[in-house]
Amino acid sequence: MDRFPEPQAEDIRHFPVSVILERRPATSQWVDHVWNAVGITVGRHAESAEAQLVREEAGTSCYLVGGLEVALYTDECESYYYNLVSDNPRAYVLAHAADDNDQPRPFKVSMSFDEAHAYLEGDDQVYAVDVPPELYRWTEAYVIANYFPEKKRKRKLRDWSADESGDSPS
């Protein structure tokens, strides 16, 4: 059985992923350590939303947070398209954190820059990470099947002088 089947009409919207968080010592006197999302892995590696320690060396720790899915929506197809054709396509990890020293709690992974930007306007943290090839191909197949760019049209200028033919009330 193929681990990542081609998307079908009924399951094309959800792709299981896990987030890799890194904690490293800070160089600032104000915080002890800094957190960063450094990548995502495809598949259901860890069903728990609790961070599981994966590696620890020289004060740097890596944690795996599972139980997340990338969800695609037809109204975001234009954002997915421009992300995929950019020089450096990114996946966006959206996370809650009480303050800078707390571990971020990822709650969503998105392929849409527009959605990530909307979360930036709130108190959530957004991390841009590289897109794994399987996720790239899956998103690309979804965009090809669902995105139909509209041709940009110029508005035709209306001739206002023709409307003012002197029929104004005196």
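Please find, among Arg44, Arg13, the residue that is among the basic types (Lys, Arg), surrounded by fewer than 18 Cβ atoms within 10 Å (Cβ to Cβ), within 16 Å of the chain's Cα centre (by Cα) and at pLDDT below 85. So that I can check it myself, show each step before the final result.
Numbers: Arg44 fails: within 16 Å of the chain's Cα centre (by Cα).
Every option except Arg13 fails the conditions.
Please give the number of the condition Phe113 fails out of (1) more than 11 Å from the chain's Cα centre (by Cα); (2) in contact (Cβ under 8 Å) with a residue 12 or more places away in the chain; (3) farther than 16 Å from Val19 by Cα.
(1)
Which residue pairs have Cβ atoms under 7 Å apart, sit 6 or more places apart or on different chains, and have a first residue in the stretch 140-164 that is part of a loop (DSSP other than H, G, I, E, B) and a second that is surrounded by 10 or more Cβ atoms within 10 Å (Cβ to Cβ)?
Filtered contacts from the stretch 140-164: Tyr147/Cys77; Tyr147/Glu78; Tyr147/Tyr81.
Among the residues of the stretch 47-70 satisfying the criterion of being crowded, with 17+ Cβ neighbours inside 10 Å and of a type in the set (Val, Ile, Thr), which is nearest to Lys152 (Cα to Cα)?
Val70
Yes/no matrix, rows are residues, columns are (1) more than 30 Å from Phe148 (Cβ to Cβ); (2) touching a helix residue (DSSP H, G or I) at 6+ places or on another chain (Cβ under 7 Å); (3) touching a residue at least 60 places away in the same chain (Cβ under 8 Å):
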residue	(1), (2), (3)
Arg23	yes, no, yes
Leu53	yes, no, no
Ser61	yes, no, no
Leu68	no, no, no
Ala97	yes, no, yes
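Return the residues of the stretch 71-95 that are within 28 Å of Ser28 (Cβ to Cβ) and either crowded, with 16+ Cβ neighbours inside 10 Å or touching a residue at least 60 places away in the same chain (Cβ under 8 Å) (or both); say none if nothing qualifies. Show your work before the answer.
The first filter runs over the stretch 71-95 and keeps only residues within 28 Å of Ser28 (Cβ to Cβ), leaving 88, 90-95.
Selection gives Arg90, Ala91, Tyr92, Val93, Leu94, Ala95.
I'm trying to understand the selection: among the residues of the stretch 96-112, which are over 14 Å from Glu69 (Cα atoms) and surrounded by fewer than 19 Cβ atoms within 10 Å (Cβ to Cβ)?
Those that are over 14 Å from Glu69 (Cα atoms) and surrounded by fewer than 19 Cβ atoms within 10 Å (Cβ to Cβ): His96, Ala97, Ala98, Asp99, Asp100, Asn101, Asp102, Gln103, Arg105.
The values are calculated or read from the model by the stated rules, or taken from the named source; none is laboratory data. Fair warning: this is a prediction, and the values are worked out from it, not measured in the lab. Here Cβ is always computed from backbone atoms with ideal geometry, including for glycine, and neighbour counts include all displayed protein chains.
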